[in-house]
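Every number here is computed from the coordinates shown, using simple stated rules; none is lab data. Source: prediction; values computed, not measured. No Cβ is skipped: glycine too gets one built from the backbone with ideal geometry, and neighbour counts run over all protein chains shown.
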Amino acid sequence: MAQNEMKRILVTGAVGQIGSELTMALREKYGADNVLATGRKTPPSKELLESGPFEYIDVADKASVEAVVDKYEIDTIYHMAAILSAVGEDKPWLCWSVNMDGLKNVLDIGVEKKLTRIFVPSSIAVWGPGAPLEMTPNETVLKPTTMYGVTKVAGELLADYYFKRFGLDCRGVRYPGIISHETLPGGGTTDYAVGIYYDAVIKGSYECFVREDTVLPMMYMPDAIKATLDLMEAPVENLKHHNDFNIAAMSFSVTELAGSIRKVMPEFTCTYKPDSRQAIADSWPNSIDDTAAREEWGWKPAFDLDAMTEDMLANLRRKHEAGLLV
Ligand code: SER
């Protein structure tokens, strides 16, 4: 497809943390009417609802996805609907159904309706015991211990299989923990790195559910959006990988994160009360090697920890002053 040929885009999980901002970026780039936002239950924000089309679907129900693909003449899907790691441990079979049946439905529709391209996100949750903790390479042992991680590994392999076997152009990145100020994440392990900023602004303190020495790869939302848009525009002949690109931006401990907040808010305090999410965090790498993404489609992040902290706090303070944070 020519780079500027008209696209008709469906975003699943558009009410979620990444989906909500991705939808707005896609509407900006490809025209609001060409980007259908969808969710399962959670009502969309006013911004999402008023800026373009919205429909309720359930990705685990193939007919509901098919209906909107037909109705809106969709040719490209950003498949963001998923159950994250912590909820996935509470409800493993819901996680399997949404993440696996949902993905297979979307891929099958992609083949049956000859869609142009599908974005299939993966995660740092693909790793577990046996993978190096530092600068984890693209190609290494994938033995996750969470149901979420199991579905992400299987999802990468399934999407790669559809590419090889059926010629369906699917692509995906392994997102690190994503930090943002528009929509809260729901039910993940890296949620502390978002919650800490909200509580810093609202209360001046945060009780963290992982230990202070916990280090995970993280990324600010504008970089995550850029990675998603850039990979989807990359010429297919440049790609040697398809659904399993490592992308890195920054890695920090919670102590370093709290220290970065203290540079702006010296009175900020953080206490620690690790829960079951600690074991999940401990099973994931500290930092990742994203050479393949840099080489194959020119990936490069813009935000480091302090730049992200300044932007997060400025935006959340503005919202707080406007009475928009509770
Ligand atoms: N942010 C996700 C989670 O914590 C990882 O992809 O579950």
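Largest mean-square fluctuation among Lys300, Lys203, Lys226, in a Gaussian network model of the chain whose springs join Cα atoms under 10 Å apart, belongs to Lys203. Once the Kirkwood radius over Cα pairs is known for the range 150-287, the Stokes-Einstein relation at 10 °C and 1.306 mPa s delivers a diffusion coefficient of 95 µm²/s.
Sort the range 234-283 into rounded, prolate or oblate with this rule: let a ≥ b ≥ c be the square roots of the eigenvalues of the Cα gyration tensor; rounded if a/c is under 1.5, and if a/c is not under 1.5, prolate when a/b is larger than b/c, oblate otherwise.
Numbers: a/c = 5.51, a/b = 1.94, b/c = 2.84.
It comes out oblate by the Cα gyration axes.
Using only the Cα atoms of the range 26-116, build the gyration tensor, take square roots of its eigenvalues as a ≥ b ≥ c, and label the shape rounded, prolate or oblate: rounded if a/c is under 1.5, else prolate if a/b is larger than b/c, else oblate. Taking the square roots of the gyration eigenvalues as a ≥ b ≥ c, the range 26-116 is oblate. Subtracting the Cα-Cα distance of Asp306 and Asp101 from their residue separation scaled by 0.36 nm leaves 69.8 nm.
Mean projection of the alpha-carbon convex hull of the chain over all orientations, in nm²?
Working: hull surface 61.1 nm².
The number I arrive at for the chain is 15.3 nm².
As a rough footprinting exposure proxy, the listed residues Glu267, Glu134, Glu156 were ranked by other beta carbons within 10 Å of their own, and the order from fewest upward is Glu267, Glu134, Glu156. Secondary structure note: in the chain, about 15% of the DSSP beta bridges are antiparallel.
What number, rounded to the nearest 500 deg cm²/dmol, is the helix-based mean residue ellipticity at 222 nm of the chain, given -39500 (n - 2.57) per DSSP H run of at least four residues and division by all its residues? Present the calculation step by step, with values, prior to reporting the outcome.
Working: 13 runs with 137 residues, N = 326.
-12500 deg cm²/dmol, from helical runs alone.
Here's the picture: charge each Lys and Arg Cβ at +1 and each Asp and Glu Cβ at -1 in the chain, and of His242, Pro53, Pro274 the one pushed furthest to the positive end of that dipole is Pro53. Checking every one of the trypsin sites (Lys or Arg not before Pro) in the range 101-168 against DSSP loop status and a limit of 11 other Cβ atoms within 10 Å picks out Lys114.
With a cut-off of 8 Å between alpha carbons and a minimum separation of six or more residues, what is the relative contact order of the chain in percent? RCO, the chain: 18 percent. Taking the fewest neighbouring Cβ atoms within 10 Å as the starting point, the ordered list for Leu231, Leu26, Leu142 is Leu142, Leu231, Leu26.
Between Glu55 and Asp282, 0.36 nm times their residue separation minus their Cα-Cα distance comes to what? Let's see the in-between values first.
Working: separation 227, 0.36 × 227 = 81.72 nm, distance 3.79 nm.
Answer, rounded to one decimal: 77.9 nm.
Looking at the range 128-191, the pairs of alpha carbons with a distance over 15 Å make up 65% of the total. Cβ-to-Cβ counts within 10 Å put Ile57, Ile225 in ascending order as Ile225, Ile57, the fewest first.
Compute for the range 52-91: radius of gyration divided by Kirkwood radius, i.e. Rg/Rh, restricted to C-alpha atoms, rounded to two decimals. Walk me through the numbers on the way to the answer.
Numbers: Rg = 12.7 Å, Rh = 11.9 Å.
Ratio value, two decimals: 1.07.
Cross-link partners of Lys152 among lysines, defined as those whose alpha carbon lies under 16 angstrom from its own and excluding same-chain residues fewer than eight positions apart: Lys91, Lys104, Lys143.
Site pair Met135 and Val111 shows an inter-label distance of 4.0 nm when each label is modelled 7 Å from Cα along Cα→Cβ. On a 0 to 90 degree scale, rounded to 10, what angle separates helix 221-233 from the longest Cα axis of the chain? Roughly 20 degrees, rounded to the nearest 10. Looking at the range 1-94, the trypsin sites (Lys or Arg not before Pro) that sit in a DSSP loop and have at most 11 other Cβ atoms within 10 Å of their own Cβ are Lys41.
Test of understanding: what is the full-extension gain from Ala67 to Asp90, defined as 0.36 nm times their sequence separation minus their Cα-Cα distance?
Difference between extended and current length: 5.2 nm.
Dipole check for the chain: with +1 at the C-beta of Lys and Arg, -1 at the C-beta of Asp and Glu, and the Cα centre as origin, the magnitude is about 380 Debye. What is the range 216-316 by shape, rounded, prolate or oblate, if you read a ≥ b ≥ c off the alpha carbon gyration tensor as root eigenvalues and call it rounded for a/c under 1.5, prolate for a/b larger than b/c, and oblate otherwise? In terms of gyration-tensor shape, oblate. When the Cα centres of the range 92-134 and the range 160-225 are compared, how far apart do they sit, in Å? The two parts, judged by their Cα centres, are 16 Å apart.
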